[in-house]
Amino acid sequence: EVKFDSFYTPVLLQAQNELLDYSGIGISVLEMSHRSADFSKIVNTTENLLRELLNIPENYKVLFLQGGGTGQFSAVPLNLIGLKEDRCADYVVTGAWSAKAAKEAEKYGKVNVVHAKLDKYTNIPDKSSWSLNPSASYVYYCCNETVHGVEFNFIPDTKEAVLVSDMSSNFLSRPVDVSKFGLIFAGAQKNIGCAGVTVVIVREDLLGKALKECPIVLDYQVQAGNNSLYNTPPCFSIYIMKLVLEWIKNNGGTEAMENLSQKKSSLIYDVISSSNGFYSCPVDVDCRSRMNIPFRVGKREGDEALEKLFLDKASKLGMISLKGHRSVGGIRASLYNAVTLEDTEVLAAYMKEFLKEHQ
Ligand code: PMP
């Protein structure tokens, strides 16, 4: 069995070290009042780190909210669908998560899916085929579809439209030109910390147009006006994010994360494409995700018994969580920021070995 070390092991060790006594103040972050000066410092530092790492322009607010990515599926339409009179929004649906977001938005207005409905999620419909509605309040897409492994490697040019993106599963894995977006959101639990906090980056001029039924905890203007402290925030999750952001900064920032993610994902895609069909990834080459690589094992769309063997053997070697999402089956290798190049090399070597034995 191989001993796997997360990139973020130093983060975990620091959290352990500071758990009982944060920064010499005699209490834990877990015990701190969210209104204390010490916690304010944590929130402000976290925000400043994020602003620095993503080069976030001044006219954007950074919010730390609860409710996860799913909470944002509701918050986005509740806050933005009323930007224009028609209460309509354009959605690009390239996988399970954008499909869920579109479904949720239908509760609050009209949803226009801008392309012909896909019967499987293995590609991004060509931008020239999108029919954007000029009276839509915003255009929404999911930057990386975690289940289906479909990632945008470009920012869609939507002209004057307000562009909204769910970056939950590829956040801080590369630089992003924030100024192209009206809003970006991302749950922390994949690339920048632990569950419990969701980052929202929103352009200031979009605030203040929430529908009257918008729950106050999801109201961006209210949260922005209170520095994300309208109510008790997920303090410990924000603190962990601060540690992760410090780690990313000290390790070369988003450019370094991008470089690493290219190397890691290429290792696995190379094994797949040179396996003569033994491994197969259904996603079009130009939109294959650097973060989540879904693949099948065995000729002809996958062989479930062989896939089970693949997973069992991997697990014995210490490689866990490789099972594909229950809705698609097969295998999924998730290569978030915390996964090292060395760990990925071990997986690639295992795949080659398994191929030799079972092809
Ligand atoms: N969007 C994406 C891209 C996701 O991967 C997920 C969760 N895996 C969600 C949204 C939903 O996030 P949550 O579970 O935090 O509600």
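What residue, of I201, I155, I240, is touching a Gly at 6+ places or on another chain (Cβ under 8 Å), more than 13 Å from the ligand (Cβ to nearest atom) and either under 29 Å from R332 (Cβ atoms) or without any contact (Cβ under 8 Å) to a residue 12 or more places away in the chain (or both)? Don't jump to the end; show me each part of the working.
On the way: I201 fails: touching a Gly at 6+ places or on another chain (Cβ under 8 Å); I155 fails: touching a Gly at 6+ places or on another chain (Cβ under 8 Å).
Result: I240 is the single residue among I201, I155, I240 that is touching a Gly at 6+ places or on another chain (Cβ under 8 Å), more than 13 Å from the ligand (Cβ to nearest atom) and either under 29 Å from R332 (Cβ atoms) or without any contact (Cβ under 8 Å) to a residue 12 or more places away in the chain (or both).
Out of (1) touching a residue at least 12 places away in the same chain (Cβ under 8 Å); (2) over 21 Å from Y141 (Cα atoms); (3) away from the ligand (no atom under 14 Å from the Cβ), the odd one out for K212 is which?
The number of the failed condition is (1).
Mind telling me which of the residues I42, I81 ends up being aliphatic (A, V, I, L, M) and over 20 Å from Y230 (Cα atoms)? Give the steps one after another, and end with the answer.
On the way: I42 fails: over 20 Å from Y230 (Cα atoms).
Every option except I81 fails the conditions.
Of the residues in region 125-152, how many are surrounded by 16 or more Cβ atoms within 10 Å (Cβ to Cβ) and either within 16 Å of the ligand (Cβ to nearest atom) or polar (S, T, N, Q) (or both)?
15
Go through region 302-359 and count every residue that is under 18 Å from N292 (Cβ atoms), of a type in the set (G, A, S) and part of a helix (DSSP H, G or I).
Residues that pass the stated criteria total 2.
Looking at (1) in contact (Cβ under 8 Å) with a residue 12 or more places away in the chain; (2) under 29 Å from L243 (Cβ atoms), which one does D286 not meet, given that it meets all the others?
Only one criterion is unmet by D286, namely (2).
Take the residues of region 178-198 that are farther than 25 Å from S334 by Cβ and out of contact with any helix residue (DSSP H, G or I) (no Cβ under 9 Å at 6 or more places or on another chain): which is nearest to the ligand (Cβ to nearest atom)?
K180
Tally the residues that are touching a Leu at 6+ places or on another chain (Cβ under 7 Å) and either modelled with pLDDT under 95 or not in a helix (DSSP H, G or I) (or both), restricting the search to region 15-34. Walk me through it before giving the result.
If we filter region 15-34 for residues that are touching a Leu at 6+ places or on another chain (Cβ under 7 Å), which is where we start, we get 15, 28, 34.
Of the ones still in play, those that are also either modelled with pLDDT under 95 or not in a helix (DSSP H, G or I) (or both) are 28, 34.
Total satisfying the criteria: 2.
Can you say whether L267 is modelled with pLDDT of 95 or more, closer than 20 Å to E52 by Cβ and assigned to a helix (DSSP H, G or I), as far as the supplied structure shows? It would help to see each step written out before you state the result.
Numbers: modelled with pLDDT of 95 or more: yes; closer than 20 Å to E52 by Cβ: no; assigned to a helix (DSSP H, G or I): yes.
In short, no.
Go through (1) within 10 Å of the ligand (Cβ to nearest atom); (2) touching a Gly at 6+ places or on another chain (Cβ under 6 Å); (3) in a helix (DSSP H, G or I) and name the single condition F73 misses.
Every listed condition holds for F73 apart from (2).
Just checking, does region 37-59 include any residue being within 16 Å of the ligand (Cβ to nearest atom), modelled with pLDDT of 95 or more, small (G, A, S) and assigned to a helix (DSSP H, G or I)? Outline the logic, then answer.
Looking only at region 37-59, we keep the residues that are within 16 Å of the ligand (Cβ to nearest atom), and these are none.
Within region 37-59, none of the residues are within 16 Å of the ligand (Cβ to nearest atom), modelled with pLDDT of 95 or more, small (G, A, S) and assigned to a helix (DSSP H, G or I).
Count, please, the residues in region 299-353 that happen to be surrounded by 18 or more Cβ atoms within 10 Å (Cβ to Cβ), acidic (D, E) and modelled with pLDDT of 95 or more.
Residues meeting the conditions: 1.
Using the structure shown, decide if V217 is modelled with pLDDT of 95 or more, within 16 Å of the ligand (Cβ to nearest atom) and either under 27 Å from N231 (Cα atoms) or among the β-branched types (V, I, T) (or both). Steps first, answer last, please.
Working: modelled with pLDDT of 95 or more: yes; within 16 Å of the ligand (Cβ to nearest atom): yes; either under 27 Å from N231 (Cα atoms) or among the β-branched types (V, I, T) (or both): yes.
Spelling it out, V217 is indeed modelled with pLDDT of 95 or more, within 16 Å of the ligand (Cβ to nearest atom) and either under 27 Å from N231 (Cα atoms) or among the β-branched types (V, I, T) (or both).
The values are calculated or read from the model by the stated rules, or taken from the named source; none is laboratory data. Not measured: the values here are computed from a predicted model. Every residue, glycine among them, receives a Cβ derived from its backbone with ideal geometry; neighbour counts consider all protein chains shown.
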